[in-house]
Structure formats: C-alpha cells, structure tokens
1. Can you give me the number of residues within the range 347-378 that are farther than 12 Å from residue 39 by Cα and either assigned to a strand (DSSP E or B) or of a type in the set (S, T, N, Q) (or both)?
2. Do you know which residues across the range 163-205 are among the small types (Gly, Ala, Ser) and either under 30 Å from residue 410 (Cα atoms) or modelled with pLDDT of 95 or more (or both)?
3. Name the strands (runs of 3 or more DSSP E) wholly within the range 64-139 that hold at least 3 residues that are of a type outside the set (Gly, Ala, Ser), loosely packed, with under 14 Cβ neighbours inside 10 Å and free of Cβ contacts under 8 Å to residues at least 60 places away in the same chain?
4. Quick check, is residue 312 surrounded by 17 or more Cβ atoms within 10 Å (Cβ to Cβ), out of contact with any strand residue (DSSP E or B) (no Cβ under 8 Å at 6 or more places or on another chain) and at pLDDT below 90?
5. Mind listing just one residue for me: the one in the range 379-413 that is part of a strand (DSSP E or B), hydroxyl-bearing (Ser, Thr, Tyr) and more than 23 Å from the chain's Cα centre (by Cα) and, of those, surrounded by the most Cβ atoms within 10 Å (Cβ to Cβ)?
6. Taking the range 205-247, which residues are under 19 Å from the mean Cα position of the chain (by Cα) and without any contact (Cβ under 8 Å) to a residue 12 or more places away in the chain?
7. For the range 300-311, state whether one or more residues are under 30 Å from residue 179 (Cα atoms), not in a strand (DSSP E or B) and not aliphatic (A, V, I, L, M).
8. Taking the range 392-407 as the search range and keeping residues that are closer than 20 Å to residue 350 by Cβ and of a type in the set (S, T, N, Q), which one is modelled with the lowest pLDDT?
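The values are calculated or read from the model by the stated rules, or taken from the named source; none is laboratory data. Predicted model only: the values in this text are computed from it and were never measured. In this analysis, Cβ positions are derived from the backbone assuming ideal geometry, glycine residues included, and neighbour counts consider all displayed protein chains.
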Amino acid sequence: MNKCIKLRVMPALIALAFSGVASAAGFQLQNQNASGTSVAFAGAAAVAEDASTIFFNPAGMTYLPMGHSISVAGTVISRSVEFTDTGTTRMPVINPLTGAPTGSFHPLGDNGGDGGGNSLVPAFYYSYAISPALRFGLGVSATYGSETEYDESFAGRFSGRYTSIHQINLNPSVAYRVNDMLSLGFGINYAKSEVEFRQDAPFVGAPEGKLSGDDSAWGYNLGVMLQLSPATRLGLSYRSSMKFDLEGSQVIEAPLNINRSITAELETPDNFSFALSQKIGDRFELLADATWTGWSTVNALTPMLSNGTRATAPLRYNFEDTWRIGLGGKYQLNPTWNLRAGIAYDESPVPDDASRTMTVPDSDRTWLSFGARWQVTKAASLDMGYAHIFFKDSSTERQVKNTAETATLQTVRGDFKTSADLFSVQMNYNF
C-alpha cells in the first residue's frame, strides 16, 4: 500500500518549491525594496541610493554616506490567479492495495475559485562605513516565496491545491572602493526555507495529503560598480545558485493514516545582471538593465524515501533560462520630491503548456510602475512605489502519470488569467 500511496503525494514535495506566481518569473521574489518597485527594478545593480543595494549589488555600499545607513521596506502583493477548465479528464479512483483503477471516477470538480491572495514581503538592510573605502553590510529579506490556494472542489486538486513557501535570506556583505572609478563587493548568503503542500490523493475517498519540510543552504553574490564619468555608472552583479536538501514529513489523512519522512533536492537558479545609471542634465536619471537567470537547473527532480530509494518517477518541469529587461527614470522635481517610473519585461521559464503546473501557472509578464521618494529630513527619506504586473494569458495540458510514467491517470486542461498589484513603502535613515 505504501508504494501506491506515494504515487501522487510524494511528487508534491518538489512542487512546494514552485508554489504559484511570485512577483518575478518562476517562483522568485523581485521585491527586495520599495525604491526599486517605483522603477520596475530597472537598473537595480547600478542605482546604489540606499542600503538595499546590498542585495542588488554590494559594491554600491561605497556610494552611501559615511556612518550608518538603514533601510526598512515592506511590499504588499495582491495576486489574482483564475483557472478556467477547458476539458480536464476525470481522475479514476485507485485501489490503494493494488494500485489499479477500480473502474469508478472521482467527481471532476470546478474552476477552484481565485488561487491568489495577499501577502507581505518584508526586507531590512544595514550598512556601516568602516572607512571611506571599506564598507560592511547586512541584508535580511525574502528571496523566494508565494502562496496559492484553490477551493477543495478544484478540478486540478489531484495535481495541487495548496502550496506555501517562505524563504528568508541573510546576506552579510563587504565592499571596497579601489579608486574613484572601481568598487568591488562580495556577500555570503544563508537561506532558510519552510514549505507546505496539500493535494488530494486519488484513492477511495480522495484523502488529503499534506507535506511540510524545511532546509537551509549557503550561497554568495558578487558586485562590481564602474563610475565611467560623473554622469555614467555601470553595475555588474552575480548571485549564485543554492542547493537545498529538503527534509520533512508526508501525512495522509484517514482512513489511510500515513505519516513518514521524505526528502528531495532542489537547486535555485543563479543570475547575472548588467545595469546602467545615466544622468541627463541636473534633474533626470535614466535607468536600464538586463538580467539573465539560469532556470535550466530546474529540469527533472527526483523525490526520495528516507531509506535512500527513489520514491517515484522524476517530476519534470523542463524550465528554460530566461532574460529580464527593464527601463526606468527618476526626475528631481525639487529638493524634497523625486518622481519615478519604469517598465520591465520578464520571461517565464515554463516552456510549454504540458510543463505548466497548477502551482506554477507562470507566463511572460510586463511591469508598469511609478512612485516617489520624499526627502523628509536631511537624514531620512521615504520611498513609495506601486506596480501592476500584466501576465500573458496561458494554458495548461498537464498529464498526471503513474509511478512508472507508463500510464496517464488524468490530464488537467485549462486556461489561466493572472495579474498582480504591488504596493511598497520604505524608510531610509543615515546617522
């Protein structure tokens, strides 16, 4: 019976890591500050205007004032994820003793309501000038995370009904100004992830299966800042991949009453960004960037039982590497107010409908953003940003296979309509 039960529940451990629609492509969170939200994060690796540069390019700390610099930010993400069924097949009822269909079928279900919701993404950054050339910093932020929940009657409930992932990243960093033109930065990343997933198992009674797990991992990030002229600055940044060995529990409710240990390996992608800050006159600053993300590391993942044997067939996502491009601008209206706006295009790593899952109904997206910075006092400023993300309409034709990948139990067919609104606030203080 255990071998059959793992048929549909064990693969969910991997799906935890791809839980719904985050603000950047795949399951990544772009919202590391509010000053970036207002320009769609265009030129983020070259801006260096507050302590949040620690995340985007640690070399930018050398451009901050002497003393202590603190930035505290929060972003509310309001997401809508709506599914419309276009021909999902019924899931057969599986006998848990034999693993074979009983001849009857589970009810098809419905569109599952709105799978989105509201969430808060916090961030904190601190930088200290040890000397004019040497800086130390610490960033604490959520780098990956989202939550997706459909109604219990969702037609895709055997593929995934609820997912949650929360990952907090600690990023101690140093920066050194080599000369007036060149600054270098280096950071260490320690990330802690906690995940949960729920879906129905295709056995008699459709009992709910729940997985929860956590792990931590190490990585690093590098940054280079080039001040080519008083008006032109280039930023280069790289953030490494991180490998997680997820450990947790698998629980299936009565009447099966299963509770056992499970593991799976996950490697989050690395990324490289090239950014430009170009001042035009005394008041306008043009921002631009191009960012590559190595999503192809997420191809086929294999969940394992605690005894070291393969729990099920590989879970295939077939992710592809992506590019993100952004263009923004800042205008100094007066000594108190700086106005901002930006646009960005972000590719999805999901290559086709067959690879699009219930928990990652991801698609190409376009950002439109605006906001402002209010210089409250000489030492304190307040950033306010808003962004609307337009997702390209997408479809899924996801096959639910048996353990041996020799038979398709169900095909989930449907269209997704997704959108997101972001509201960000950030306080900056120097002393």
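1. The first filter runs over the range 347-378 and keeps only residues farther than 12 Å from residue 39 by Cα, leaving 347-366, 374-378.
In the following step, the residues that additionally are either assigned to a strand (DSSP E or B) or of a type in the set (S, T, N, Q) (or both) were identified as 348, 355, 357, 359, 363, 365-366, 374-375, 377.
Going through the range 347-378 one residue at a time, the tally reaches 10.
2. Taking the range 163-205 first, the residues among the small types (Gly, Ala, Ser) are 164, 173, 175, 183, 185, 187, 191, 193, 201, 205.
164, 173, 175, 183, 185, 187, 191, 201, 205 - these are the residues of the range 163-205 that are among the small types (Gly, Ala, Ser) and either under 30 Å from residue 410 (Cα atoms) or modelled with pLDDT of 95 or more (or both).
3. Numbers: elements: 68-85, 92-94, 101-105, 117-129.
Per the criteria, 117-129.
4. Values: surrounded by 17 or more Cβ atoms within 10 Å (Cβ to Cβ): yes; out of contact with any strand residue (DSSP E or B) (no Cβ under 8 Å at 6 or more places or on another chain): yes; at pLDDT below 90: yes.
Yes.
5. Quick first cut of the range 379-413, residues part of a strand (DSSP E or B) only: 380-391, 394-401, 408-413.
Checking which are hydroxyl-bearing (Ser, Thr, Tyr) leaves us with 381, 386, 394-396, 408, 411.
Checking the rest, the ones that are also more than 23 Å from the chain's Cα centre (by Cα) come to 381, 408, 411.
Numbers: 381: 21, 408: 11, 411: 17.
The residue in question is 381.
6. Initially, the range 205-247 is screened for residues under 19 Å from the mean Cα position of the chain (by Cα), giving 212-221, 237-246.
Once the filter is applied, which keeps residues that are under 19 Å from the mean Cα position of the chain (by Cα) and without any contact (Cβ under 8 Å) to a residue 12 or more places away in the chain, the range 205-247 yields nothing.
7. Pass one, the range 300-311, residues under 30 Å from residue 179 (Cα atoms): none.
Scanning the range 300-311, I find no residue that is under 30 Å from residue 179 (Cα atoms), not in a strand (DSSP E or B) and not aliphatic (A, V, I, L, M), so the answer is no.
8. In this case the residue turns out to be 399.
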